[in-house]
Amino acid sequence: MHFLNGTAAPSYDVVVVGSGAGALTAAATAARRGKTVLVLEKSALLGGTSAVSGGMLWITENHHAKAAGLHDSKEAAADYVCAVARGRGREELLDAALGHGDEMLRFAEDELGVRFIFLDNFPDYRQDLPGAVTGGRTVEPELFNQAESLGDLAAYVRTDGRLPYTMAEYEAWGAFTNFPWDELAARQASGVTAKGHALVAMLIAACQRNGVVFAVEARGQRLLTHDGRVTGVELESGEQLTANDAVVLATGGFEWDKELADSMLASRLYTMCSPPSNTGDGLKMAQRVGSMTRGTREAWWAPMSITGTMRDGEPVGSLLRFERQGPGSIMVNRHGQRFANEAQNYNDLARCLQSWDSPRNQTLNTPAHVVFDQSYLERYGILDHRAGAPTPGYLKEGATLAELAAKIEVPIEALEETVRYFNEHAIQGNDPAFGRGESAYDRYWGDGECPWPNPSLGPLQFGPFYAMEVVNGAFGTNGGIATDGRARVLDVDGAPIEGLFAAGNVTENAYAAGYPGAGATLGPIMTMGYLAGQTLGREIASGHDAARVLMGA
């Protein structure tokens, strides 16, 4: 265990295990309410999965939308999330996420100093469901200079390594080929951060201002208990840390424990983009003291490619977004045919890739590939590859569609016919097969300046042609420890375990199998972290008041 600021104390009011956005929100909220707080991080870097995420928050009926005159309602939001959750969301958690989201957002801004950009036109993911809106429920972090604010702690904040830009800037600049890369490199060199990195950096700064102590390389292994109450944490090293009031578990998901993931998830994961430290530690710690578990079949699914990117010494997947949503690219299955609307949200698209077959994903639709042509590569690039550079190993290249089909082992005639039919309709701005480009979400991720009628559709016309394999991936699992609406961990009989709270991907997700919109991961995660901190703050205050009464104060 390595302390980053301060030294070990005999005890702390609250010990938080994990350092993602949910953990940091719980820690900062509790500290703001007068608690002494220790944050334990298993790896050498703070921030967890949140730090390598987009950093967005999906918050219904938020005050930014109201100020902008955008209409939303509790009823519409509830109808929408219930539909997205496929009827599997637990009402208590849904109520907590929807009812306290904006309260958390205001607290983060007003008391913690976190700054957000309001994305007024970012559509909900499922425009076909009742209660969906075309914008107003998503915010993202502002750019944040951690070098100026965190001092020595800045070196301990996890990053995804990408240059810093906001989603608002992405929208304004369009294709990666239009980005001011030199300017962004200068930003990074000066200490400026964006997205999830900026979010956790701002939360760490809030924690630091409020006296929170951080320790890294501190893997929690077992919860300490006395008379049925959780009283602290024992580390893998054998060190024991006392929590006077509570332990908050926020250790992330279990996606990197392959045996556990294979035994619980509804589908096999072939890659992840989260830190490899997410091995279900918090889930196992809670189970040892009798926690109920729920929703462990689910993950934040996403179509990804394996491109050689490494994180903490392990290969991680690259999320495919514009690569499959931009005009001029399609996805085909092992039969050389399209099988879905490529522009739909990643969570639902990934479900089309899911299989339990081994050694390769052999459903009707997999192996699957994104296919595009030379003109697409010249307009947009693909991931970090640009036209004119040597073709990277993760791309297959063919002078013709027939040559490409042979290289990716799909029927030549099928691929040629798929592209012919798609092109015929794409130049007219429609997709009769799968409706791509019809929803506001599809069009948001397209290119409004493309030369064709629909920003989501364009033909594949000019060789060479390229293909990139797509596999079922995830940002992380999102089921596990069951909590109530105040983030208190529940035992197998549904009663709170005294002294134990949890938030984040270690817990059951409020939206169950659904993914309502951009930031639907971090929105409820931070809300539950906030509720944990506030609940503990109120309990301590009432305890202190009672003590004063007994003493005659």
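The values are calculated or read from the model by the stated rules, or taken from the named source; none is laboratory data. Given the structure is predicted, the values throughout are model-derived calculations rather than measurements. All Cβ positions, even for glycine, are placed from backbone atoms using ideal geometry, and neighbour counts span all protein chains on display. Calculation scope for accessible area: heavy atoms of the full protein, side chains included, ligands and nucleic acids excluded. Shrake-Rupley method; radii C 1.70, N 1.55, O 1.52, S 1.80 Å.
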Amide N proximity, region 187-214 versus Arg162 label position 7 Å along Cα-to-Cβ, cut-off under 19 Å: 187-202
Estimated Rh, region 134-266: Kirkwood, alpha-carbon pairs, angstrom: 18.4 Å
So what J values fall out for region 140-155 if you push phi through Karplus, 6.51 cos²θ - 1.76 cosθ + 1.60 with θ = phi - 60°, rounded to Hz, Gly and Pro as x? 9, x, 5, 4, 9, 8, 6, 4, 7, 9, 9, x, 5, 5, 4, 5
Rounded to a whole number, what % of the accessible area of region 44-167 do carbon and sulfur atoms account for, probe 1.4 Å? 47 percent
On the principal axes of its Cα set, how long, how wide and how thick is region 423-492? Give whole Å, largest value first. 59, 27, 23
So between Arg297 and Lys66, what do we pick up on full extension, going 0.36 nm a residue minus the alpha carbon distance? 79.5 nm
Where in region 1-31 does the amide nitrogen come within less than 14 Å of the point 7 Å from the Cα of Gln221, taken along Cα to Cβ? 1
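Take the Cα gyration tensor of region 194-321, multiply each eigenvalue by 5, square-root it, and list the three semi-axes largest first, rounded to whole angstrom. Show your work: numbers first, answer last.
Numbers: eigenvalues 164, 91, 34 Å².
The equivalent ellipsoid of region 194-321 has semi-axes of 29, 21, 13 Å.
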Once ligands and nucleic acids are excluded and a 1.4 Å probe is used, how much of Cys82 is accessible, expressed in Å² to the nearest 10? 70 Å²
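Which length gain, in nm to one decimal place, applies between Glu236 and Asp348 when the Cα-Cα distance is subtracted from 0.36 nm times their residue separation? Could you put the intermediate results ahead of the total?
On the way: separation 112, 0.36 × 112 = 40.32 nm, distance 3.80 nm.
Gain on extension, Glu236 to Asp348, equals 36.5 nm.
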At 7 Å along Cα-to-Cβ for each site, give me the label-to-label distance between Arg86 and Ala189 in nm. 4.9 nm
Just for the Cα atoms in region 95-176, what are the lengths along the principal axes, largest first, rounded to whole Å? 48, 36, 18
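List the pairs from Lys35/Lys66; Lys42/Lys396; Lys74/Lys258; Lys35/Lys284; Lys258/Lys396; Lys74/Lys195 whose alpha-carbon separation is above 31 Å, in the order I gave them. Before the final figure, lay out the partial values.
On the way: Lys35/Lys66 33 Å; Lys42/Lys396 39 Å; Lys74/Lys258 39 Å; Lys35/Lys284 26 Å; Lys258/Lys396 29 Å; Lys74/Lys195 28 Å.
Violating the 31 Å Cα-Cα cut-off are Lys35/Lys66; Lys42/Lys396; Lys74/Lys258.
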Residue by residue through region 387-398, which ³J(HN,Hα) values in whole Hz follow from phi under the Karplus form 6.51 cos²θ - 1.76 cosθ + 1.60 (θ = phi - 60°), with glycine and proline marked x? 4, x, 8, x, 5, x, x, 7, 10, 9, 10, x
Evaluate the distance, in nm, between pseudo-label points positioned 7 Å from the Cα of Asp312 and of Arg268 along their respective Cα→Cβ axes. 2.4 nm
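Could you report region 86-226's accessible area per residue, 1.4 Å probe, as an integer in Å²?
On the way: 5910 Å² over 141 residues.
Dividing the accessible area of region 86-226 by its residue count gives 42 Å².
If I stretch the segment between Lys407 and Asn244 completely, what's the gain in nm (0.36 nm per residue apart, minus their alpha carbon distance), one decimal? Can you show the working numbers first?
Values: separation 163, 0.36 × 163 = 58.68 nm, distance 6.20 nm.
In short, 52.5 nm is gained.
Please work out the Cα convex hull volume for region 1-66 and give it in Å³ per residue. Let's see the in-between values first.
Working: hull volume 7.6 nm³, N = 66.
Normalising the Cα hull of region 1-66 by residue number yields 116 Å³.
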Cleavage-rule hits (trypsin sites (Lys or Arg not before Pro)) in region 9-95: DSSP loop, at most 11 neighbouring Cβ within 10 angstrom: Arg86
How far is it, in nm, from the label point at Ala8 to the one at Arg106 when both lie 7 Å from their Cα along the line to the Cβ? 4.2 nm
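Evaluate the Kirkwood expression for the hydrodynamic radius of the chain, namely the inverse of the mean inverse distance over all pairs of different C-alpha atoms, and round to one decimal in Å. All intermediate terms of the calculation are to be shown ahead of the outcome.
Values: mean 1/r = 0.0416 Å⁻¹.
Kirkwood radius, the chain: 24.1 Å.
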Report, by chain and number, residues whose modeled amide H sits under 5 Å from the one on Thr225, excluding near sequence neighbours (fewer than 5 apart, same chain). Thr231
